[in-house]
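What follows is a single structure, written as structure tokens, with notes after it.
The values are calculated or read from the model by the stated rules, or taken from the named source; none is laboratory data. None of the values given here were measured: they were computed from a predicted structure. Note that we place each Cβ from the backbone using ideal geometry, even for glycine, and neighbour counts take in every protein chain shown. Heavy atoms of the whole protein, side chains included, go into the accessibility calculation; ligands, DNA and RNA do not. Shrake-Rupley method; radii C 1.70, N 1.55, O 1.52, S 1.80 Å.
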Amino acid sequence: MRKKERYSFKWDIKKKEYKKGYSEVSQSGFYNRSEWQKIRNYYIFINPLCERCKKKDIIKEADVVDHITPLTLDDVYSDNHSMLYDDNNLMSLCNKCHSLKTNREQKINHQLMNDLFTFPNKK
Ligand SMILES: [Zn+2]
């Protein structure tokens, strides 16, 4: 395999891993846990408005409770409470802001992958 091929091969694997990370957390059943449901319901009861819209002085009802720092399977399996259930990592969002944030996260990961797998220029 030439260097360039090896590079794109690695890239593909990494990309798959990231995608897997997202769906794995939901497939792990975390969002169906009664613990999470309770905390989610409580959080959205206390923070019923989209926090991102609120910053722009828009009053909009929140639809979801989002983890500010995205969860990984490790967090779920190690029952990492400060990631899973801590108020500091939670945010009420409307559906629109949630999908914007999710897109942004994917873009960040894309950038991260670029940084990780870009070979330094040969001199
Ligand atoms: Zn919003």
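On the beta carbon distance between Asp87 and Gln111, with R0 = 35 Å, the FRET formula returns roughly 0.80. The packing ranking, built from the mean of other Cβ atoms within 10 Å per residue, places the peptides 28-35, 61-68, 92-99, 78-85 in the order 92-99, 61-68, 78-85, 28-35, highest first. For Leu90, the shell of other residues with beta-carbons less than 9 Å away shows a net charge of -2, using +1 for Lys and Arg and -1 for Asp and Glu. Between the amide H of Leu49 and those of Ala62, distances stay under 5 Å, these residues lying 5 or more places away or on another chain, with hydrogens modeled in the peptide plane.
For the Cα trace of segment 27-118, dividing Rg by the Kirkwood Rh returns an Rg/Rh value of 1.01. Computed over protein heavy atoms with a 1.4 Å probe, the accessible surface of segment 27-117 works out to 65 Å² per residue.
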